[in-house]
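Q: Questions regarding the structure given below will be posed in turn.
The values are calculated or read from the model by the stated rules, or taken from the named source; none is laboratory data. As the structure is a prediction and not an experimental result, all values here were calculated from the model. Backbone-built Cβ (ideal geometry, glycine too); neighbour counts: all protein chains shown.
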Amino acid sequence: MTLAIVGRPNVGKSTLFNRLVGKRLALVDDMPGVTRDRREGEGRLGDLTFRVVDTAGLEDAAGGSLEARMRQQTEAAIAAADVVLFMIDARAGLTADDERFAALTRKSGRPVVLLANKAESKAGITAASEAYSLGLGDPLPISSEHGEGLGDLYDALVPYF
Ligand code: GDP
Ligand code: MG
């Protein structure tokens, strides 16, 4: 079972990755332009164990525009995933980049769990309601930094195991 954490920069993907993986980082192929900025590890949530891929969105050796490289890396991660964790920033509201990454995700046809991050202490609930417009289902408010909402994430993932 492989999960990919996908979304525009700065929404908190790596923070969630670190929380799920802790120190169980996998060795990844260090070939320039292939996996350089992609981190994979053995994630755990309750009694679930899975492979999880963090997408950084930046690859300095791949060539092409920044946007093209981000797109390529994200597409590869989505293609390798059984379930996509699509993350938005519940405090910031939706941006054009969110829409672009969401379009890639929808196109893949992969199952998606939509995470509205930075929603600690009920912040960002208004912004999270915008998230329905992404067409990726019901947003699940979480806080990767504070570890809130992870029980709901567990419940959302269980059916795929
Ligand atoms: P990425 O670019 O999507 O990987 O985002 P990062 O994980 O690097 O986080 C971007 C910023 O958001 C950092 O300053 C984090 O500390 C912050 N951040 C991540 N998760 C949360 C959260 O749950 N709540 C708040 N308030 N900030 C967060
Ligand atoms: Mg990151």
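Q: What number of residues in region 1-45 are part of a loop (DSSP other than H, G, I, E, B), modelled with pLDDT of 65 or more and surrounded by 15 or more Cβ atoms within 10 Å (Cβ to Cβ)?
A: Total satisfying the criteria: 4.
Q: Collect the residues in region 75-125 that are of a type in the set (Ser, Thr, Tyr), touching a residue at least 60 places away in the same chain (Cβ under 8 Å) and within 14 Å of Leu136 (Cβ to Cβ), keeping them in residue-number order.
A: Thr105
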